[in-house]
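To keep things clear, I will list the structure first and then write my remarks on it.
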Amino acid sequence: MRYFDLHCDTMTECYVRDKHIGENDLHIDCKRAAVFDTYVQCYAVWLPDNLHGSEAFQRFCQVAERFTAEIHSCVQSMSQCQTPGSLELNAGQHCAVLTVENASALGGKLENVAEFARRGVKLCSLTWNGKNELGRGVRAPGTGGITPFGRQVVEALELNSITVDVSHASPELFYDIASMAKKPIAATHSNSKRICRSARNLTDEQFHVICASGGLVGLNLYKGFLNDDADKANMDDVLRHAEHFLSLGGEDVLAIGADWDGGAKEDFAASGIEDIPELIELFLRHNYSEALTDKIFFKNAADFFKRENLL
Ligand SMILES: [Zn+2]
């Protein structure tokens, strides 16, 4: 069984709550990862909206260092993937990819994009939910999208082979990024607004824009983004979002961005959503071919990272 997940907050939680990736009570640890034959997990350095400037950059460095230390402590089964070819090299391992959720982490300094690249960051969103010096996130009041600094950062990210993640972008920010991006863009952990109206989800038009860029969209397993009535969310909702995106032509674009530890554990636990092998079974039971199921759960993301020469 192969699994490639574009987004989780587990490594940030390891830092904030002083847990270890080897074994913990969070969503992911090395012990449970052993269920997969091949497992690639993107681990986000997440920054809250109130951190800015040198304090924000310092937080990025601290979580990134913790990420390195945690991998080192599981060296038998886990490795960081950060150079082209490393997916092949580390097949069969628990492969960790470093990403950034909220480019406040740059501390307002363009030159820190190079530091992201040096540490192996492969995906980066400009904002989290709020507004920062790069642009307006999806839950910030008012209007407006990207700032002049945000434009410089998009260019620098692309030059440094870091894919721009639009998952938390306000609609204006989304279209500002899409219209200037020269490379594909990704919404690493967003569902369909047609199925669940959360502001965090994508309109059909946004999905088409990402498809046209050659990008990726990761299905999010958090209950509030699956069903308008979050407490009724269950595994079938994941299928509904997938089916809608596939009906829009997303066969080569759809992936998973589970958002593990991006909310309380009970907000993911509905009807076994946490159980990825069972979720894969559900797709197969609903007459998804093995090939299409594998595309969604692994291959589309792996192909993207290879195609873009990221891994
Ligand atoms: Zn998020």
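The values are calculated or read from the model by the stated rules, or taken from the named source; none is laboratory data. Please read these numbers as outputs of a predicted model, since none were measured by experiment. When we count neighbours, we look across all protein chains shown, and the Cβ atoms used for this are built from the backbone with ideal geometry, even at glycine.
Figures for the structure shown
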quantity	calculated
Residue check for A91: surrounded by fewer than 16 Cβ atoms within 10 Å (Cβ to Cβ), touching a strand residue (DSSP E or B) at 6+ places or on another chain (Cβ under 6 Å) and either of a type in the set (F, W, Y) or touching a residue at least 12 places away in the same chain (Cβ under 8 Å) (or both)	yes
Failed item in (1) β-branched (V, I, T); (2) within 20 Å of H168 (Cβ to Cβ); (3) free of Cβ contacts under 8 Å to residues at least 24 places away in the same chain, with T293 passing the rest	(2)
Hits in region 190-209 (condition: more than 13 Å from the ligand (Cβ to nearest atom) and of a type in the set (G, A, S))	S192
Some residue of region 36-47 being in contact (Cβ under 8 Å) with a residue 12 or more places away in the chain, over 21 Å from I276 (Cβ atoms) and not in a strand (DSSP E or B)	yes
Pairs, first closer than 12 Å to L292 by Cα in region 233-257, second of a type outside the set (A, V, I, L, M) and assigned to a helix (DSSP H, G or I), C-beta under 6 Å, six or more apart	D252/N300; V253/C211; L254/F245; A255/N300
Tally of residues being in contact with an Asp or Glu (Cβ under 9 Å, 6 or more places away or on another chain) and of a type outside the set (A, V, I, L, M, F, W, C) across region 35-52	4
Qualifying positions in region 171-192 - surrounded by fewer than 24 Cβ atoms within 10 Å (Cβ to Cβ), small (G, A, S) and touching a residue at least 24 places away in the same chain (Cβ under 8 Å)	A178, A181
Looking only at region 225-242, and only at residues there that are in a helix (DSSP H, G or I) and of a type in the set (D, E, K, R), the one that is surrounded by the fewest Cβ atoms within 10 Å (Cβ to Cβ)	D231
Candidates T68, T12, filtered to the one that is in a helix (DSSP H, G or I), within 16 Å of the ligand (Cβ to nearest atom) and either without any contact (Cβ under 8 Å) to a residue 12 or more places away in the chain or more than 29 Å from L292 (Cβ to Cβ) (or both)	T12
Tally of residues being among the small types (G, A, S), away from the ligand (no atom under 14 Å from the Cβ) and modelled with pLDDT of 95 or more across region 118-144	3
Selection status of L106, without any contact (Cβ under 8 Å) to a residue 12 or more places away in the chain and either within 16 Å of the ligand (Cβ to nearest atom) or of a type in the set (A, V, I, L, M) (or both)	no
Of all residues making up region 15-35, the number that are within 16 Å of the ligand (Cβ to nearest atom) and either of a type in the set (K, R) or part of a loop (DSSP other than H, G, I, E, B) (or both)	3
Verdict on N220 being buried (at least 24 other Cβ atoms within 10 Å of the Cβ), within 13 Å of the ligand (Cβ to nearest atom) and of a type outside the set (G, A, S)	yes
Some residue of region 52-64 being in contact with a Phe, Trp or Tyr (Cβ under 6 Å, 6 or more places away or on another chain) and not in a loop (DSSP other than H, G, I, E, B)	yes
